[in-house]
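Visitor: Encoded as structure tokens, here's the structure I'll be asking about.
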Amino acid sequence: PSPAEGETPGAGRLGRVRRRLWARGLGSDQPVTSADLLVDAFDRIREVVYEAVDGLSPEQLAYRVDDESNSIAWLVWHLTRVQDDHVSDVAGHGQVWTAQGWAKRFGLPFDDAQTGYGHNSEQVAAVQVESADLLTGYHDAVYQQTINYVRRLADKDLPKIVDQAWDPPVTLGVRLVSVISDDLQHAGQAVFIRGLL
């Protein structure tokens, strides 16, 4: 159900995954699964990322409302890093950021483990990109790895404890919903800044 090679996410009135879910709700004997809903959520994040950055110049991507604000480039980089970091952790595989060479392509002045969490104004300003394609390229790679993982999940997998550092401990389902929530908030912020531009 992920967009075909070269297809713009969300092309048409409804994204491909949403069309499938809508069709299933109208008489199909195949139930909508938790995996279907997760795929749909990550598909929506990807659509908003494309909406936020499409056609913008490096200067527009780096624009900040004031010295304490985030830029579109930082927001999209950060939300993608969070998805990459958190999903790869629960899936038990390497991050796209380092495994596929995206850290080198971005060339940011941070340690490869950085996700943007806790960044100060100077660090936000340091996230400069050569094009929107760099941001969407990295996001697409993370999206694909995420979808490959979540589409295999079953309801019985979601209560599994994946992080004991919190009280109560974090389940897989809660961790994935947390990533989705964080990503959608940041993607929405990026679209807001685009509106100001």
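Visitor: Ala35: net charge of surrounding residues, Cβ under 10 Å, Lys/Arg +1, Asp/Glu -1, itself excluded?
Guide: -2
Visitor: Could you state the accessible area per residue of the chain in Å², with a 1.4 Å probe and every protein chain left in place?
Guide: That works out to 52 Å² for each residue.
Visitor: Please report the net charge: other residues with Cβ closer than 11 Å to the Cβ of Phe106, K and R +1, D and E -1.
Guide: So the environment of Phe106 carries a net charge of +1.
Visitor: Label-point separation (nm) for Ser57 and Asp112, each offset 7 Å from Cα along Cα-to-Cβ?
Guide: 3.4
Visitor: Which residue, Gly101, Gly118, Gly137, has the most motion in a Gaussian network model of the chain that connects Cα atoms within less than 10 Å?
Guide: Maximum among the listed residues: Gly118.
Visitor: Using amide H atoms built in the peptide plane, which far-off residues or other-chain residues are under 5 Å from Thr171 H to H?
Guide: Val162
Visitor: Which of Gln114, Ile180, Val76 sits closest to the plus end of the dipole of the chain, meaning its Cα is farthest towards the positive end, when Lys and Arg get +1 and Asp and Glu get -1 on the C-beta?
Guide: Farthest towards the positive end: Ile180.
Visitor: Taking the chain as a Gaussian network, Cα atoms linked when under 10 Å apart, which of Ala73, Ala125, Ala113 shows the biggest mean-square fluctuation?
Guide: Looking only at Ala73, Ala125, Ala113, the biggest GNM fluctuation is shown by Ala113.
Visitor: Where is the GNM fluctuation largest for the chain (alpha-carbon springs, 10 angstrom cutoff): Trp102, Trp166, Trp77?
Guide: Among Trp102, Trp166, Trp77, the largest mean-square fluctuation in the Gaussian network model of the chain belongs to Trp166.
Visitor: At 7 Å along the Cα-to-beta-carbon direction for both Val65 and Arg105, put a label point, then send me their distance in nm to one decimal.
Guide: Simple spin-label model gives 3.0 nm for this pair.
Visitor: Does anyone have the angle between helix 34-53 and the longest principal axis of the chain? Alpha-carbon axes, 0 to 90°, nearest 10?
Guide: Helix 34-53 sits at roughly 20 degrees to that axis.
Visitor: Mind checking the angle between helix 172-196 and the chain's longest principal axis? C-alpha axes, 0 to 90 degrees, to the nearest 10.
Guide: 40
Visitor: With charges only on Cβ, +1 for K and R and -1 for D and E, what is the dipole size of segment 108-197 about its Cα centre, in debye, rounded to 20?
Guide: 400
Visitor: Is there a quick way to get the dipole size of segment 34-96? I mean about its Cα centre, with the Cβ of Lys and Arg at +1 and of Asp and Glu at -1; what is the value in debye to the nearest 20?
Guide: 120
Visitor: Enter the per residue convex hull volume of the chain, computed from alpha-carbon coordinates, in Å³ rounded to the nearest integer.
Guide: Hull volume normalised by residue count: 132 Å³.
Visitor: In whole percent, how big is the carbon plus sulfur part of the accessible area of the chain, probe 1.4 Å, protein atoms only?
Guide: Values: 5200 of 10230 Å².
Roughly 51 percent, rounded to a whole number.
Visitor: Charges at C-beta only: +1 for Lys and Arg, -1 for Asp and Glu. How large is the resulting dipole of the chain about its Cα centre, in Debye rounded to 20?
Guide: With only Lys, Arg, Asp and Glu charged at Cβ, the dipole is about 780 debye.
Visitor: Could you tell me how many degrees, from 0 to 90 and to the nearest 10, lie between the Cα long axis of helix 72-91 and the main elongation axis, the longest principal axis, of the Cα atoms of the chain?
Guide: The two axes meet at around 40 degrees.
The values are calculated or read from the model by the stated rules, or taken from the named source; none is laboratory data. Predicted model, so just to flag it, every value in this text is computed and none were measured. Please note: Cβ atoms are built from the backbone with ideal geometry, for glycine as well, and neighbour counts cover all protein chains shown. Ligands, DNA and RNA are stripped out before the accessible areas are found, and what is left, the full protein with its side chains, is counted by its heavy atoms. Shrake-Rupley method; radii C 1.70, N 1.55, O 1.52, S 1.80 Å.
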